[in-house]
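Just so it is clear, none of the values below were taken in a lab; they were calculated from the coordinates. These figures come from a predicted structure and were not determined experimentally. No Cβ is skipped: glycine too gets one built from the backbone with ideal geometry, and neighbour counts run over all protein chains shown.
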Amino acid sequence: MSTATVLPNGDGTTTNWQDDSGGTSNLYTRIDEGTASPNDTDYVSTSVQNQNVYFQLGDMPADFGTATGVTIKLRVARTSSKGDFIRFVDCQLMQSDQTTAISAASTITDSTTVTTYNYTPSITGATSKTAWDGMRLRVKSGTGTAGSCRIYAAQVEVTYTAVSGKIQRVTALDGLGGVGARLVNPGLW
């Protein structure tokens, strides 16, 4: 088994989410450092109920064969714990169309302390490189009227079975009519 770590590298739908300066574009740049070395001075947030935000993630490696497991790592916090405070609901991986799920949704744990949480949802959709390239991380806010939900960093680790090369018999090697073998990438067939 191999593991690929992918970080946010683009925005998907970001309605009613903003960055720490109030900006509404290129939100991914505020959370793209990953959770191993987070920058807790920048974040994206919402104070609006039931809002999804989608972040594009990097492509899978060239040797990606089949997804076998996934860990979503989120560094999050909410700003209020009194009264009817807004909180996170869940996170999920979607294909690039932002509609087709490739993982189950995982309930997000949160608190008023900035903390990194790891979620291991089951894979529920396609497992191919085509389906996982450019996937989207979806995060949803819940109900509440006080405070906001903040995302400080995100990354996704995908465990996969690597594609191995195959030996192909060739009958004409370099035009000399000899027999030989060469390693080929089955993804090119």
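Quick notes
- The ranking of Ser45, Ser148, Ser2, Ser122 from fewest to most other beta carbons within 10 Å of each one's beta carbon is Ser122, Ser2, Ser148, Ser45.
- Interchain or long-range residues, amide H under 5 Å from Asp11's placed H: Tyr28, Gln56
- Stokes-Einstein D (µm²/s) once Rh is taken as the Kirkwood radius of the chain over alpha-carbon pairs, at 10 °C in 1.306 mPa s: 89
- Placing +1 on each Lys and Arg Cβ and -1 on each Asp and Glu Cβ, with no other charges, gives the chain a dipole about its Cα centre of roughly 400 debye.
- Thr41 versus Ser122: modelled label distance in nm, points set 7 Å from Cα along the beta carbon direction: 4.4
- Sites Thr143 and Thr13 - FRET efficiency at Förster radius 22 Å, r taken between beta-carbons, to 0.05: 0.65
- FRET efficiency for the pair Val114 and Met1, taken as 1/(1 + (r/R0)^6) with r the Cβ-Cβ distance and R0 = 30 Å, rounds to 0.45.
- Integer Hz, Karplus 6.51/-1.76/1.60 couplings in order for the stretch 90-103, x for Gly and Pro: 7, 9, 7, 9, 10, 5, 4, 6, 6, 10, 8, 6, 10, 9
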